[in-house]
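Before I ask anything, let me first share the structure, which is written out below as structure tokens.
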Amino acid sequence: MNLLLIHPNFPGQFKLLAKALSAREGWRLVGVGNGERSEAETGHLDYVHYSHPTGPVEAVFPVAQDFAEHARTGKSVADLLTRLRDRGYRPDVVLGHPGWGDAMFVSEVFPEAKFIAYLEYFYKTRDSDLDFDPEFPPARIDMRYVPMRNATNLMAFAAASRCITPMPWQASLFPPPIRSQLHVLHEGIDTALVAPHPHASFRLPNGATLTRADEVVTYVSRSLEPYRGFHVFMRALPELMRRRPRAQFVLVGREDVSYGRRHLSGQSWKSVMLDEVGASLDPNRVHFLGNLTYADYLDLLRISSVHVYLTYPFVLSWSFLEAMACGCTMVGSATGPVLDVLKDGENGRTFGFFDRAALVDTVCELLDDPAQRERLSRRARETIVENYDFTTRTFPRYLELLQG
């Protein structure tokens, strides 16, 4: 079978799928993404790339700016696919993430191919990530035009043979006529690799080595920003450090913005929060590590005593499921995406996103109760193995979807 995978940050959510299918007899994979990639990133498949157009698009009505960018990206990909078609390439199935416009015209280039669209998110003006945090309200004028953000996904839905979305909560965001046709299918976790290790250790930049015998509280996010509750965690840190004088607090994430807006001052959110609470922190026990290699990141999760995860009502981070797969004792915000997976008292603990006192109390309770931590840790991993393991859960469903 000829399978065409499209993702601007290739392989993105299709990493494990691409690896598994490229090693499977009878499958030929072609990947399309934005920019060059090494074979270590793409795996053993044919990868072709486009370059994202630069410079402003021609003058458009301001609220259509994002859509215009998506259309321009879609044209770049369509031009690339047309050259492949003219050389004789014909995919049987196209699996693409259309959120940035990459797959906008794929059905026009390959009308005979089955198109499966990965619909990740549907934006809403109320009861959503945009109006969730009263500390950072959206500009009123922006809210009127939020539905425009869905135009690209709606085009993909209209063109697709089938549509998938990763989690039940994300499916719930879509209007009922679309929701009823969505297949909820997470991309899966490699639970053989992402797993506990009793002898794991982690070396801090100051030379100290942490193991499971130490009291370690971890926080991981791609970027240190409000969408992932960084401001809430930072404001809880002074009291956590006061009540846990032996604990080490390790934070992973870059000083950038992945979701939402930058601080009005232009500073990173890390700098803003250190300005606010830094004087109350012990610099010898709080460690900002930036980005880690994947191997080091897994070792950190493996030695964590309690792992704290917060998110707005938005897409669930891979790190959340990977932390559970590593057997972390989870403390998560009681927001929709987290509650898809984390059940309070069963496989972790939850707290109200803005309730810093509950966050502190829950972390301290767990640090004082090794038996509870062990029970929740074991059940956290079981949850991922039983429901999100790539080999036994995700891959068979993907094969059924692609071959059906």
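Derivation of every value follows stated rules applied to the coordinates shown; laboratory data play no part. This is a predicted model, so every value here is computed, not measured. We place every Cβ from the backbone using ideal geometry, glycine too, and count neighbours over all the protein chains shown.
Once amide H atoms are placed 1.01 Å from N in the peptide plane, what residues at a sequence separation of 5 or more from residue 229, or on another chain, have their amide H within under 5 Å of its amide H?
Those qualifying (amide H under 5 Å, at least 5 residues apart or on another chain) are 312.
Shape verdict for the range 179-307, please, from the Cα gyration tensor: rounded (a/c under 1.5), prolate (a/b greater than b/c) or oblate.
oblate
When ranked by the protection proxy of mean other Cβ atoms within 10 Å per residue, highest first, what sequence do the peptides 128-136, 375-383 form? Don't skip to the end; give the middle numbers.
Working: 128-136: 16.3, 375-383: 19.6.
Top to bottom by mean Cβ count within 10 Å: 375-383, 128-136.
In the Gaussian network model of the chain, springs joining C-alpha atoms below 10 Å, which of 277, 60, 194 carries the largest mean-square fluctuation?
Result for the chain, Cα springs under 10 Å: 60 fluctuates most.
Please give the peptides 256-267, 163-174 ranked by average Cβ packing (other Cβ atoms within 10 Å per residue), highest first, as a rough proxy for protection.
Ranking the peptides 256-267, 163-174 by packing returns 163-174, 256-267.
Shape call for the range 242-311 from the C-alpha gyration tensor, a ≥ b ≥ c root eigenvalues: rounded (a/c under 1.5), prolate (a/b greater than b/c) or oblate?
Oblate shape, in that a/c is at least 1.5 and b/c is the bigger or equal ratio.
Under a point-charge model restricted to the Cβ atoms of Lys and Arg (+1) and Asp and Glu (-1), what is the dipole moment magnitude of the chain relative to its Cα centre, in debye to the nearest 20? Could the numbers behind the result be given before it?
Details: 44 positive and 48 negative charges, 46 e Å.
So the dipole magnitude of the chain works out to roughly 220 debye.
I'd like to compare 84-97, 105-118: which one has the highest average count of other Cβ atoms within 10 Å, and what's the full order after that? Please list the in-between numbers first.
Values: 84-97: 16.9, 105-118: 19.4.
With the highest mean Cβ count within 10 Å placed first, the list reads 105-118, 84-97.
How many angstrom lie between the Cα centre of the range 225-293 and the Cα centre of the range 113-144?
Each part's Cα centre sits 25 Å from the other's.
Which label belongs to the value computed from this structure, given these candidates for mean projected area of the Cα convex hull in nm²: (1) 20.5; (2) 23.9; (3) 25.6?
Correct label is (1).
Using each residue's phi in the range 254-268, evaluate 6.51 cos²θ - 1.76 cosθ + 1.60 at θ = phi - 60° and report the 3J(HN,Hα) Karplus result to the nearest Hz, with x for Gly and Pro.
Once rounded to whole Hz, the list reads 8, 8, 8, 10, 9, 9, x, 10, 6, 5, 4, 6, x, 6, 5.
A further question on this structure: Could you calculate the FRET efficiency of residue 72 with residue 372 from 1/(1 + (r/R0)^6), where r is the beta carbon distance between them and R0 is 41 Å, rounded to 0.05?
Values: r = 53 Å, r/R0 = 1.29.
Approximately 0.20, to the nearest 0.05.
Obtain the nm distance between the two label points defined at residue 24 and residue 355 by a simple spin-label model: each point lies 7 Å from its Cα along the Cα-to-C-beta direction.
Distance between the two pseudo-spin positions: 4.4 nm.
For the range 351-367, what does the Karplus curve 6.51 cos²θ - 1.76 cosθ + 1.60, with θ = phi - 60°, yield as ³J(HN,Hα) per residue in whole Hz, taken in order and with x for Gly and Pro?
8, x, 3, 8, 8, 5, 4, 5, 4, 4, 4, 5, 4, 5, 4, 5, 5
Calculate, axis by axis, the spread of Cα positions in the range 201-388 along the three principal axes, and write the results as whole Å, longest axis first.
So the three principal-axis extents are 45, 35, 33 Å.
OK, next. In the range 201-388, what % of DSSP beta bridges are antiparallel (nearest 5)?
Around 15 percent antiparallel, to the nearest 5.
At 222 nm, what helix-only mean residue ellipticity would the chain give, in deg cm²/dmol to the nearest 500, using -39500 (n - 2.57) for each DSSP H run of four or more? If you can, show how the numbers build up before the last one.
Working: 16 runs with 146 residues, N = 404.
Calculated mean residue ellipticity at 222 nm is -10500 deg cm²/dmol.
Could you tell me which of 266, 350, 181 has its Cα farthest along the dipole of the chain towards the positive end, charges placed at Cβ (Lys, Arg +1; Asp, Glu -1), taken about the Cα centre?
181
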